[in-house]
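The values are calculated or read from the model by the stated rules, or taken from the named source; none is laboratory data. All values derive from a computational prediction rather than experimental measurement. Glycine also receives a Cβ, built like all others from the backbone with ideal geometry; neighbour counts cover every protein chain displayed. Note: areas computed on protein heavy atoms with side chains; ligands, DNA, RNA excluded. Shrake-Rupley method; radii C 1.70, N 1.55, O 1.52, S 1.80 Å.
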Amino acid sequence: MKYVEAKTADDLCRILGLPKKHAGRIRMSVDLVVAIRRQITRQSWTQAEAAKRAGVGRTVMTAIVNCNLRGISMDRMLDVAERLGLRVGLKVA
């Protein structure tokens, strides 16, 4: 198997053969994951503690932190972020 690295959401779409329109959603998902990881680290929470605060199971929190987002909706990630004390906003350009 050949190793391929995607440095941007656009690259990832190209590599996976996805329409370029998905790049914005990928960027939003990655930004949310990064913010959630930072909040967990900043607060010195374990993933189990963060999951409890967010009202989700530990396996869901682990999946989010590991960016394994299959089956995790954007709405659910937004809820998790807000329950962990993050303010989430959307900027349209």
In debye to the nearest 20, how big a dipole does the stretch 18-93 give about its Cα centre with +1 on each Lys and Arg Cβ and -1 on each Asp and Glu Cβ?
-> 200
Net charge (Lys, Arg +1; Asp, Glu -1) of residues whose beta-carbon lies under 15 Å from that of T8, T8 excluded, is +2
Scoring only Lys, Arg, Asp and Glu (+1, +1, -1, -1) among other residues with Cβ under 9 Å from the Cβ of I64 yields +2
Relative contact order of the chain (C-alpha contacts under 8 Å, at least 6 apart) in percent is 23
Reachable aspartates and glutamates from K91, criterion Cα separation under 20 angstrom, eight or more residues apart if same chain | D10, D31, D75, D79, E82
Measure off, as a whole percent, the carbon and sulfur share of the 1.4 Å-probe accessible area of the chain, all protein chains present.
-> 50
Around G24, with a cut-off of 13 angstrom between Cβ atoms, what is the net charge of the other residues, counting Lys and Arg +1 and Asp and Glu -1?
-> +3
Calculated from DSSP H runs of 4 or more alone, at -39500 (n - 2.57) each and per residue, what is the 222 nm mean residue ellipticity of the chain, nearest 500?
-> -18000 deg cm²/dmol
